[in-house]
Amino acid sequence: MHTVLVDMRARLARSARPDRIFQVVLDVARRAGLVGRKRVLDSTPLYDAVATMDTITLVRSAVRGLLAVAGAGMAGALRAVITSGDEYAGSAKPAIDWDDSAAREALVDSRARDAFAMLTLLEGRELTEPVDRAVRLLATVVGQDLIEGEDGTLRIARKRASDLLLGTSVRFA
């Protein structure tokens, strides 16, 4: 199914009218009287859940990529500093209540702490080229997507897309 949707989106993007689906939806919204009015629905909770999933996907993918190229000894040392309980074994979305902002915040903070612990462990070490690339990628992801709050909790940095180097379309190991 994923491949079909990707193919359809690519075909639409290459077509003479790539925005036709948006235009149809916009026309329906106009006829319903929704365009030109104040916000009908607050999308903030949806945005927060999606932004959290995207950030978690990037961080977890970068951690998995680092573990994959680290070699058995180094991977064991890296796994020893993980405190979240995440085994980083698969790409499945963590099972939390995505509508609960505290659960989302705790998820981001715990995975970011895992990433920073791994980066700290490897700081100053002589690394192979694949490990160095994976470390740089992980550092970029946590460096661009996260900020530390006044309470010490690591949170998603609210930035414009043009400020970011990576997006979720980037494929990791």
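Among the residues of the range 89-109, are any at pLDDT below 80 and under 16 Å from the mean Cα position of the chain (by Cα)? The answer is yes; a qualifying residue exists. Taking every residue in the range 113-129 that is free of Cβ contacts under 8 Å to residues at least 12 places away in the same chain and pairing it with any residue that is among the aliphatic types (A, V, I, L, M) and surrounded by 18 or more Cβ atoms within 10 Å (Cβ to Cβ), at least 6 positions away or on another chain, the pairs with Cβ-Cβ distances below 7 Å are LEU127/VAL135. Please determine whether any residue of the range 1-10 is surrounded by 10 or more Cβ atoms within 10 Å (Cβ to Cβ), in contact with a helix residue (DSSP H, G or I) (Cβ under 8 Å, 6 or more places away or on another chain) and either modelled with pLDDT of 75 or more or not charged (D, E, K, R) (or both). For the range 1-10, residues surrounded by 10 or more Cβ atoms within 10 Å (Cβ to Cβ), in contact with a helix residue (DSSP H, G or I) (Cβ under 8 Å, 6 or more places away or on another chain) and either modelled with pLDDT of 75 or more or not charged (D, E, K, R) (or both): absent. Determine whether the range 137-153 contains at least one residue that is part of a helix (DSSP H, G or I) and farther than 17 Å from ALA62 by Cβ. No - not one qualifying residue is present in the range 137-153. Here is the figure for the range 94-143: residues that are buried (at least 18 other Cβ atoms within 10 Å of the Cβ) and over 20 Å from ARG79 (Cα atoms) total 2.
Conditions tested, residue by residue: (1) more than 14 Å from the chain's Cα centre (by Cα); (2) over 18 Å from TYR88 (Cα atoms).
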site: ARG111; (1), (2): no, no
site: LEU119; (1), (2): yes, no
site: GLU123; (1), (2): yes, yes
site: ARG133; (1), (2): yes, yes
site: LEU137; (1), (2): no, no
site: GLN144; (1), (2): no, yes
site: GLU148; (1), (2): yes, yes
site: ILE156; (1), (2): no, yes
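The values are calculated or read from the model by the stated rules, or taken from the named source; none is laboratory data. Computed from a predicted model, the values in this text were never measured in an experiment. Reconstructed Cβ throughout: ideal geometry from the backbone, glycine too, with neighbour counts over all protein chains shown.
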